[in-house]
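Chemist: Encoded as structure tokens, here's the structure I'll be asking about.
The values are calculated or read from the model by the stated rules, or taken from the named source; none is laboratory data. Everything numeric here is computed off the predicted structure, so don't read it as measured data. Cβ: placed from backbone, ideal geometry, glycine included. Neighbour counts: every protein chain shown.
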Amino acid sequence: MEMHDILKTIYQEVKPLASKGEVADYIPQLSFISPDKLAISVHNVDGSCYEVGDSDTPFSIQSISKVFGYTLAFKVLGPDIWKRLDKEPSGNSFNSLVQLEYERGIPRNPFINAGAIVIADIILSHYPNPQQTLLDFVRGITNEPSIRYNHDVATSEKLTGYRNTALAYLMKSFKNIHNSVEDVLDFYFLQCSLEMSSKNLSKSFLYLANHGIVPSTNEQILTVSQSKRISALMLTCGLYNESGDFAYRVGMPAKSGVGGGVVAIIPKKLSICVWSPPLNRFGNSLAGIEALEKFTTYTGDSIF
Ligand code: DON
């Protein structure tokens, strides 16, 4: 089958599944999205792209932004980043507090909320204008100057972000947050509020699918080794306590967000984004995960 036909088939097959999930509402602003939205976009490293559904509609990328934040922090700190965080799967939900107390304020990995909050703190300490730097970075790798933060979503999360606030203060008590908690959370919420379409999200992950280099411009974002390491973290931690099941069923490094997006890559080959807002019990897109399992099954391609 041609790629476009594969995507159309998957679209039809997963469309009815979305009704089994729940749109995130703990960030009130996210609850207004239509649960019927569905998009699949594929970008190959050779420049070709394929899409079906609502692939031009921007949505809240939420935790997918943690990959961009981590990229910026890793670029400045290199391996010293591991003084502030670990690189192990957590086996807990993305906003869990329990492990952080036992492990003295060192988050298990950069993709759970605690880890991404430490990354936000690192970015604040090393970049003079972090908000603009992050936005310029995402606009640059997609060549899409219209990408923007959604300040209503960021404010909505700030007003109800009790668990993230608890995580940040707990880490501050262990001296693992260096800036003010309020500044760190403001940046973290803004980062999560980035809005991108599935088309732009799949394009944005091409630097990871292409060993650290943006294929369309040849710009080197990361070294081969750094790119390998981020992909490894996505495989082991990108879907929180569903990461093992996802690696088993799908076999691609990936990152999800509570806005219903999931982006996955096959190194040297492609990046794929699926967007369907209703989530499963792990906080990952229900139809999105099913679509990605079908994608590696029907194409016969995965990292294994
Ligand atoms: O901090 C939060 O809870 C959200 N801004 C992001 C969480 C998220 O996207 C988890 N992903 N599946």
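Chemist: So how many residues does region 205-221 have that are more than 19 Å from ALA116 (Cα to Cα) and either of a type in the set (Phe, Trp, Tyr) or in contact (Cβ under 8 Å) with a residue 24 or more places away in the chain (or both)?
Modeler: Of region 205-221, the ones more than 19 Å from ALA116 (Cα to Cα) are 206-207, 209-221.
From what is left, the residues that are either of a type in the set (Phe, Trp, Tyr) or in contact (Cβ under 8 Å) with a residue 24 or more places away in the chain (or both) are 206-207, 209-211, 214-217, 219, 221.
Result for region 205-221: 11.
Chemist: Sticking with this structure for a sec: Just the residues that are assigned to a loop (DSSP other than H, G, I, E, B) and either more than 23 Å from the chain's Cα centre (by Cα) or more than 13 Å from the ligand (Cβ to nearest atom) (or both), please, taken from region 1-39.
Modeler: Pass one, region 1-39, residues assigned to a loop (DSSP other than H, G, I, E, B): 1-2, 21, 23-27, 33-38.
The answer is MET1, GLU2, ILE33, SER34, PRO35, ASP36, LYS37, LEU38.
Chemist: Is it the case that region 269-286 has a residue that's within 16 Å of VAL45 (Cα to Cα), more than 12 Å from the chain's Cα centre (by Cα), surrounded by fewer than 20 Cβ atoms within 10 Å (Cβ to Cβ) and more than 13 Å from the ligand (Cβ to nearest atom)? Steps first, please.
Modeler: Quick first cut of region 269-286, residues within 16 Å of VAL45 (Cα to Cα) only: 269-273.
Next cut, more than 12 Å from the chain's Cα centre (by Cα) only: 269-272.
Going one step further and asking which of them are surrounded by fewer than 20 Cβ atoms within 10 Å (Cβ to Cβ), we end up with 269.
Going one step further and asking which of them are more than 13 Å from the ligand (Cβ to nearest atom), we end up with 269.
Yes; the residues of region 269-286 include at least one that is within 16 Å of VAL45 (Cα to Cα), more than 12 Å from the chain's Cα centre (by Cα), surrounded by fewer than 20 Cβ atoms within 10 Å (Cβ to Cβ) and more than 13 Å from the ligand (Cβ to nearest atom).
Chemist: List the residue pairs whose Cβ atoms are under 6 Å apart, where the first residue sits in region 227-240 and is within 13 Å of the ligand (Cβ to nearest atom), the second is charged (D, E, K, R), and the two are 6 or more positions apart or on different chains.
Modeler: So the pair list comes out as MET234/LYS255; GLY238/LYS255.
Chemist: Here is a further query. Could we say that LEU100 is part of a helix (DSSP H, G or I) and under 30 Å from ALA247 (Cα atoms) here? Spell out how you get there, then give the answer.
Modeler: Numbers: part of a helix (DSSP H, G or I): yes; under 30 Å from ALA247 (Cα atoms): yes.
In short, yes.
Chemist: How do the pairs read when you match residues in region 184-195 that are within 12 Å of the ligand (Cβ to nearest atom) with residues anywhere that are assigned to a strand (DSSP E or B), using Cβ under 7 Å and keeping only pairs 6 or more apart or on different chains?
Modeler: LEU190/TYR149; SER193/SER60; SER193/TYR149; LEU194/TYR149
Chemist: Are any residues in region 24-76 touching a Ser or Thr at 6+ places or on another chain (Cβ under 9 Å), buried (at least 22 other Cβ atoms within 10 Å of the Cβ) and either among the charged types (D, E, K, R) or at pLDDT below 95 (or both), and if so, which ones?
Modeler: Across region 24-76, there are no qualifying residues.
Chemist: Kindly check whether there is at least one residue in region 205-212 that is within 16 Å of the ligand (Cβ to nearest atom), over 30 Å from LYS158 (Cα atoms) and either aliphatic (A, V, I, L, M) or crowded, with 22+ Cβ neighbours inside 10 Å (or both).
Modeler: no
Chemist: Kindly indicate whether any position in region 245-253 is among the aliphatic types (A, V, I, L, M), surrounded by 22 or more Cβ atoms within 10 Å (Cβ to Cβ) and within 13 Å of the ligand (Cβ to nearest atom). Explain how you work it out, then say what you get.
Modeler: Of all residues in region 245-253, those among the aliphatic types (A, V, I, L, M) come to 247, 250, 252.
Keeping just the survivors that are surrounded by 22 or more Cβ atoms within 10 Å (Cβ to Cβ) gives 250, 252.
Remaining after also requiring within 13 Å of the ligand (Cβ to nearest atom): none.
So far as region 245-253 goes, no, none of its residues is among the aliphatic types (A, V, I, L, M), surrounded by 22 or more Cβ atoms within 10 Å (Cβ to Cβ) and within 13 Å of the ligand (Cβ to nearest atom).
Chemist: Working carefully through the options SER156, SER204, SER173, find the one that is at pLDDT 95 or above and within 16 Å of the chain's Cα centre (by Cα). Even if it seems obvious, please write down each step before you answer.
Modeler: Numbers: SER156 fails: within 16 Å of the chain's Cα centre (by Cα); SER173 fails: within 16 Å of the chain's Cα centre (by Cα).
Of SER156, SER204, SER173, the one residue that is at pLDDT 95 or above and within 16 Å of the chain's Cα centre (by Cα) is SER204.
Chemist: I've got another one for you. Quick test for you: out of ASP86, ASP56, pick the one residue that is away from the ligand (no atom under 16 Å from the Cβ), without any contact (Cβ under 8 Å) to a residue 40 or more places away in the chain, under 20 Å from the mean Cα position of the chain (by Cα) and not in a strand (DSSP E or B). Spell out the reasoning first.
Modeler: Details: ASP56 fails: without any contact (Cβ under 8 Å) to a residue 40 or more places away in the chain.
ASP86 is the lone residue from the list that is away from the ligand (no atom under 16 Å from the Cβ), without any contact (Cβ under 8 Å) to a residue 40 or more places away in the chain, under 20 Å from the mean Cα position of the chain (by Cα) and not in a strand (DSSP E or B).
Chemist: Checking ILE289 against (1) closer than 20 Å to ASN109 by Cα; (2) within 16 Å of the ligand (Cβ to nearest atom), which single condition isn't satisfied?
Modeler: (1)
Chemist: Can you tell me which residues in region 139-154 are under 25 Å from PRO28 (Cα atoms) and either touching a residue at least 40 places away in the same chain (Cβ under 8 Å) or charged (D, E, K, R) (or both)?
Modeler: Going through region 139-154, the residues under 25 Å from PRO28 (Cα atoms) turn out to be 146-154.
Answer for region 139-154, where residues must be under 25 Å from PRO28 (Cα atoms) and either touching a residue at least 40 places away in the same chain (Cβ under 8 Å) or charged (D, E, K, R) (or both): ILE147, ARG148, TYR149, ASN150, HIS151, ASP152, VAL153.
Chemist: Among the residues of region 107-120, are any crowded, with 24+ Cβ neighbours inside 10 Å and either more than 14 Å from the ligand (Cβ to nearest atom) or at pLDDT below 95 (or both)?
Modeler: no
Chemist: Now, a different point. Restricting to region 82-96, name every residue that is surrounded by fewer than 18 Cβ atoms within 10 Å (Cβ to Cβ) and modelled with pLDDT of 95 or more. I'd like the intermediate steps shown before the answer.
Modeler: Just the residues of region 82-96 that are surrounded by fewer than 18 Cβ atoms within 10 Å (Cβ to Cβ), to begin with: 82-83, 86-88, 91-93.
Passing the criteria: TRP82, LYS83, ASP86, LYS87, GLU88.
Chemist: In region 140-196, which residue that is part of a strand (DSSP E or B) and of a type in the set (D, E, K, R) is surrounded by the fewest Cβ atoms within 10 Å (Cβ to Cβ)? Walk me through it before giving the result.
Modeler: Taking region 140-196 and keeping what is part of a strand (DSSP E or B), we get 148-149, 194-196.
Cutting the leftovers down to of a type in the set (D, E, K, R) gives us 148, 195.
Details: ARG148: 14, GLU195: 17.
Here the answer is ARG148.
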